[in-house]
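Note sheet for the following structure.
No value in this document is a laboratory result; all are computed from the given coordinates. Please read all numbers here as calculations on a predicted model, not as lab measurements. Don't worry about glycine lacking a Cβ; one is built from the backbone with ideal geometry, like all the others, and counts go over all protein chains shown.
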Amino acid sequence: MKKTPTSRIDRLLGAMGYGSRAEMARMARAGGVVLDGEDVADVSRRIAVTHDLPQRMEIDGEPLDPVPGLVILLNKPLGMTCSHKEDGALVYDVLPDRWRGRDPAISTVGRLDKQTSGLLLLTDDGDLLHRIISPKRHVAKVYRATLARPLEGHEGELFASGTLVLEGEDKPLAPARLEVISPTEALLTVTEGRYHQVRRMFAAAGNHVETLHRERMGGLVMPDDLAPGQWRLLDDTEVATIFDGPAAA
Ligand code: URA
């Protein structure tokens with residue numbers, strides 16, 4: 001069984017973006033650090049870092065932020081970039097400011113283009129991130145695309161063939177599954193995460209993607225009650241569903 005990690009309280013709070021060790025000591029002296037209903041006087045004390053700490057610990061009267069090992073589900077709105085450093089609106093802007101100071105840092109699990117909306121995961125768990133994006137895991141991503149021109153009928157076979165090579169690349173794409181919803185709308189399931197993949201696939205078929213929205217990753221479906229720009233934490237059971245679900249072809 002995995003050993004529960006332990007940490008000094010001041011180190012843990014520092015790594016969660018609350019401030020330096022000196023600031024944490026000052027905050028504790030002022031009664032701002034409470035664990036299991038008791039003021040913490042000595043922030044150099046070691047504690048077990050468990051996921052129930054936010055229910056047991058308060059910082060300045062507020063529940064502790066989620067401890068490291070968090071997974072966030074965001075309904076990414078259009079116009080936000082999946083980057084830590086570009087100009088303009090970034091997906092990280094929707095999270096609390098303090099979380100920018102977290103170590104390990106929170107990163108997106110793969111990327112969605114600025115003009116793609118929908119299901120985006122963010123995590124500070126590097127192992128999990130790599131497991132989700134690893135091509136070996138074949139996590140299926142389902143996109144809803146609306147198209148500039150009506151589908152011609154050959155696209156499903158082309159995408160499923162496993163022989164389609166995108167412009168500027170050498171390696172054929174893994175088979176992908178197309179489900180036609182209407183002449184200009186389709187669901188496309190892919191297991192890879194190549195640059196602008198879905199847009200380039202439709203371009204290779206002589207079409208143009210007008211809108212693109214990710215609805216699903218593995219068995220994890222975007223919940224109806226999460227509006228664009230809203231996010232929530234996933235629990236372990238929900239995270240496990242990412243590795244279930246539909247295969248691409
Ligand atoms: N494919 C794209 O073209 N864009 C995305 O954002 C995701 C997949």
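When the helices in the chain are scored as -39500 (n - 2.57) per DSSP H run of 4 or longer and the sum is shared across all residues, what 222 nm value do you end up with, to the nearest 500 deg cm²/dmol? Mind dumping the intermediate values first?
On the way: 7 runs with 48 residues, N = 249.
When only DSSP H runs of four or more count, the value is -5000 deg cm²/dmol.
From the square roots a ≥ b ≥ c of the eigenvalues of the alpha-carbon gyration tensor of region 112-162, which class results: rounded (a/c under 1.5), prolate (a/b over b/c), or oblate? Because a/c hits 1.5 or more and a/b fails to exceed b/c, region 112-162 counts as oblate. Spin-label model, residue 55/residue 204: points 7 Å from Cα along the beta carbon direction are separated by 4.8 nm. Residue order for 144, 21, fewest other beta carbons within 10 angstrom first, comes to 21, 144.
Distance from the alpha carbon centroid of region 1-24 to that of region 109-160 works out to 35 angstrom.
Quick one, can you get me the convex hull of the C-alpha atoms of the chain expressed as volume per residue in Å³? Intermediate results must be reported in sequence, preceding the final value.
On the way: hull volume 35.9 nm³, N = 249.
Once divided by residue count, the hull of the chain is 144 Å³.
This ranking places 134, 7, 117 by how few other beta-carbon atoms lie within 10 Å of each, fewest first, which gives 134, 7, 117.
Once both labels are positioned 7 Å from their Cα atoms along Cα-to-Cβ, the gap between residue 232 and residue 8 label points is 3.8 nm. Computed about its Cα centre, the charge dipole of region 6-63 is approximately 340 debye, with only Lys, Arg, Asp and Glu carrying charge at their Cβ.
Convex hull over the alpha-carbon atoms of region 6-63: what's its volume per residue in Å³?
Details: hull volume 4.0 nm³, N = 58.
Dividing the Cα hull volume of region 6-63 by its residue count gives 69 Å³.
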